[in-house]
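Following: one structure in structure tokens, then a few remarks.
The values are calculated or read from the model by the stated rules, or taken from the named source; none is laboratory data. In this text the structure is predicted, and so the values were computed from the model without any measurement. Neighbour counts run over all protein chains shown; Cβ positions are idealised from the backbone, glycine included.
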């Protein structure tokens, strides 16, 4: 019955004949429906709503299921997916292909955000039609090659042919967590070098989920490896945030890195850069001076100390001007009152 209804249009009236295997089967439904009965339904589809798959429930990713798929399992982050997708805009197909990728890395394979988010809810063998608005598709840039203008809603028919779940963190022992963290670090660093900062940020953050808790890390060698990885990833996150003009987040990551190694030159220097970007040159100067104390020949840090002095001078000059203007206004008011 539900398979037939899924093919109907709004307002359509249809006669659906359901053989027993698609109805109540050998058991029937006593007392009215005997075993192995074929049923006939007259169905009027008055109205229906598409399923909203967007996390914000803003109607940006809508699904109509064409084939339910099997079982109850859905892909997790990192799962290996085998997918067929067909994209349409105003009735014209702009892409039709098979693609295999890990969930979370779809952007590397030209998979739009809306399709990837929807696939998190798919079952094996499921085939669905998706209506995806610009926020989760090609945004305000559009896609010239596909003939899609800015802010356009697109439609995709997506089939999840197969998937293999990634192993969950809680199913891993400490050695597996270290190994997975190293793989993620390499992947994230490659994305960073390619200038793909959102992906680098995503994988560095995911890495932390594997090893942030020290539970289960009893071996001394593994403890040291974990600490070294966390220090490296916090430093790298600081750099990613700096490159992404997110100074406050960069400063926080450097704070965490310096919690592992208070004399770390990269941590001090990057935190100094973050403070400069945040308009706090005095704090920045302290960090750059700490770098020079550890590495007296560090010219870059020395140059940044000069930059800090200039910024401090500018700030004081502005403050002096503000106070001068305030006193001038007060003096003028006093003069007016006395007259």
Practice task
For segment 73-88, indicate whether the set of residues that are part of a strand (DSSP E or B) and touching a helix residue (DSSP H, G or I) at 6+ places or on another chain (Cβ under 6 Å) is non-empty.
Solution key: no
Problem - Matching entry among 232, 257 (being assigned to a helix (DSSP H, G or I) and surrounded by fewer than 20 Cβ atoms within 10 Å (Cβ to Cβ)) - result: 232
Completion exercise
Within segment 69-110, the residues that are out of contact with any strand residue (DSSP E or B) (no Cβ under 7 Å at 6 or more places or on another chain) and without any contact (Cβ under 8 Å) to a residue 60 or more places away in the chain are 72, 74, 90, 91, 92, 106, 110
Exercise for the section: Answer yes or no as to whether residue 147 is free of Cβ contacts under 8 Å to residues at least 24 places away in the same chain, in the same structural domain as residue 69 (by the TED database), surrounded by fewer than 20 Cβ atoms within 10 Å (Cβ to Cβ) and touching a strand residue (DSSP E or B) at 6+ places or on another chain (Cβ under 8 Å). Expected result: no
Completion exercise
Residue hits (segment 39-57; at pLDDT 90 or above and assigned to a loop (DSSP other than H, G, I, E, B)) are 53, 54, 55, 56, 57
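Every residue, every condition in (1) part of a strand (DSSP E or B); (2) under 25 Å from residue 127 (Cβ atoms); (3) assigned by the TED database to the domain that holds residue 129, yes or no:
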| residue | (1), (2), (3) |
| --- | --- |
| 3 | no, yes, no |
| 10 | no, yes, no |
| 15 | yes, yes, no |
| 21 | no, yes, no |
| 24 | no, no, no |
| 37 | no, no, no |
| 59 | no, yes, yes |
Exercise for the section: Please enumerate the residues belonging to segment 32-62 that are farther than 19 Å from residue 115 by Cα and in contact with a strand residue (DSSP E or B) (Cβ under 6 Å, 6 or more places away or on another chain). Expected result: 39, 40, 41, 42, 43, 44
Fill in the blank from the handout: Scanning segment 94-135 residue by residue, the ones that are outside any helix (DSSP H, G or I), over 13 Å from residue 79 (Cα atoms) and either assigned by the TED database to the domain that holds residue 184 or out of contact with any helix residue (DSSP H, G or I) (no Cβ under 6 Å at 6 or more places or on another chain) (or both) total 15
